[in-house]
Each structure stands twice: as C-alpha cells, then as structure tokens.
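Reading through the structure tokens given below for one structure.
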Amino acid sequence: MSSAGTRGKTLTALGLTGAAATVLLGFLWAPEVDAEAWKAPEAYRILFWHVPFAWSSFLAFCVLFVGSVTWYTRRSDMGWRLICTGSDLGLLFGLGVVISGPIWGSAEWGVPWDWGDLRLNTYGLLTAVALFLVLARNSQPDGQDTRDTIAAVGLFGFALVPITALATTWYQERHPGIIIIESEEAGLAPEIMMVLILGFVSFFLLFAGFALLTDTVHQMESRLGRLQRLLDEEAVH
C-alpha cells in the first residue's frame, strides 16, 4: 500500500480509538445536565458523537466543493477524486448525523424528526445530495458529461452548508444553537466541553484517515480502469 494509505490507516486507528474514548468518557465521566432544562437529561450523551459527526460532514462537503471547482477549472483527475472522496464521506458522516439525531430527538422532543425545523430539513436534503452523488457515480457510465453533472450537483450541495449551519440563528425551532465556546447561556460544564473537544479531535483524525484511504481506493480504481482500456485496445488490434 502507498504511503498515503499507510498514513490513512494510522489516522483511522487513532480516530477510532479517540471516538471509543469519547463514548466511554461521555457515559462514565461527563456529568449530568440540568434535569429541569432537559426533558431527557441522560439522552444528551449521544451528542458527543452527533455533533462531531455533523462538523465532519461539513468538512466532507468542503472537500466536495474544492473538487467540483477544481474539476471545472482544470478537468483534472485530482478534482474528480476530491469529488468522489467528498461525496463518499459526506454520505458516511451525514448518515451518522441523521441516525444519531433522531435517537436524541425521540427522547428529548418526543418525535424523531421535526418537519417544521429549517435546519433539520436542509441537513436532510444535504445528506440526500450526498446519496444521489454516490449512486450516480456508481450507476452512470464514467465520462466528462457525467462528471460535469455530478460536479454541478456537488456545488449545489455545498451551497446548503452555510444555510444549514446558520439556520438555527435565522429560524430557530427545536434544534439547539451552534455552541462554539463555553458560556452561561450554553450551560456546558468543563467536563462536557473536554469530552466534546476530544470528540472533535477524534472525528477529525477519523475524517483525515478515511479521506486518505478513500482517495487511495479511487486512485487504484482509476489505474485499473486505464489498464483495462489498454488491454481492450490491445485485444482489438
């Protein structure tokens, strides 16, 4: 395996270890939250994974955006591989959000999904875009027209990122706001903030490891495709 693949394995292992530690500390060390402010105070612990999942998915869509722009400006294999990596990881981490979020929502709100909440619905659409990109790449013949279409959809998907991130400020319903720093309004104990930071670091390492491994796989697929075309041409001649 290439050096990038080796680094990807190392980062993935570190990220998985940190994610596991986040779970253990979240359940065994992080304190309870105010039972008067939360309907299901124990259920908040799933947020130690849910929030890093969400931020990692935004990173994936940033990769998708860079890939889409690079493809349109340079028509390079690197741009296409970034599109593939960004859409794959956007779907992976996006599914982590839409699976973990409704678990918490069912406990805290009494319903898994609030169709009147703008942020939830734009994020659901964002994940659906990632799913479309992955399915389209695997079902359509590879070619410039296909790549142009997928890149265009990727740009549309990235446009949803700032809308989703700021929707709580513009149109707040049930979904909590974005927590950047500890404050009296946020009500986060230092232990909770420390576990959240561990979760962010762990998922960033996991994201980086997955990105390197995914890009390695796409490079191998591209190389295999070129060799197959050469073999076909030799067989014809």
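The values are calculated or read from the model by the stated rules, or taken from the named source; none is laboratory data. These numbers come from a predicted model, not from an experiment. Quick reminder, even Gly has a Cβ in these numbers, built from the backbone with ideal geometry, and neighbours come from all protein chains shown. Calculation scope for accessible area: heavy atoms of the full protein, side chains included, ligands and nucleic acids excluded. Shrake-Rupley method; radii C 1.70, N 1.55, O 1.52, S 1.80 Å.
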| Is there a residue in the range 75-98 that is more than 10 Å from the chain's Cα centre (by Cα), open to solvent by 30 Å² or more (accessible area, probe 1.4 Å) and among the acidic types (Asp, Glu)? | yes
| message | Anything in the range 61-72 that is open to solvent by 30 Å² or more (accessible area, probe 1.4 Å) and either at pLDDT below 90 or in contact with a Lys or Arg (Cβ under 9 Å, 6 or more places away or on another chain) (or both)? List them, or say none. | response | Tyr72
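From the list Arg119, Arg147, which residue is over 26 Å from His50 (Cβ atoms) and assigned to a helix (DSSP H, G or I)? Don't jump to the end; show me each part of the working.
Numbers: Arg119 fails: over 26 Å from His50 (Cβ atoms).
Selected residue: Arg147, the only one of Arg119, Arg147 that is over 26 Å from His50 (Cβ atoms) and assigned to a helix (DSSP H, G or I).
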| query | If you scan the range 3-60, which residues turn out to be among the aromatic types (Phe, Trp, Tyr) and open to solvent by 30 Å² or more (accessible area, probe 1.4 Å)? | reply | Phe27, Trp29, Trp38, Trp49, Phe53, Trp55
| query | What residue, among those in the range 178-203 that are modelled with pLDDT of 55 or more and part of a loop (DSSP other than H, G, I, E, B), is nearest to Leu64 (Cα to Cα)? | reply | Leu188
| request: Could you give me the residue pairs with C-beta distances under 9 Å whose first residue belongs to the range 7-23 and is under 8 Å from Gly209 (Cα atoms) and part of a helix (DSSP H, G or I), whose second residue is of a type in the set (Asp, Glu) and open to solvent by 10 Å² or more (accessible area, probe 1.4 Å) wherever it lies, and which are 6+ apart or on separate chains? | output: Gly8/Asp215
| Can you name the residue in the range 113-168 that is within 21 Å of Asp77 (Cα to Cα), open to solvent by less than 20 Å² (accessible area, probe 1.4 Å) and not small (Gly, Ala, Ser) and is also farthest from the chain's Cα centre (by Cα) among such residues? | Ile150
| query | Does the range 111-118 contain at least one residue that is closer than 30 Å to Gly143 by Cβ and of a type outside the set (S, T, N, Q)? | reply | no
| field | Whichever residue in the range 112-167 is over 18 Å from Leu82 (Cβ atoms) and of a type in the set (Asp, Glu) and, among such residues, is modelled with the highest pLDDT | value | Asp145
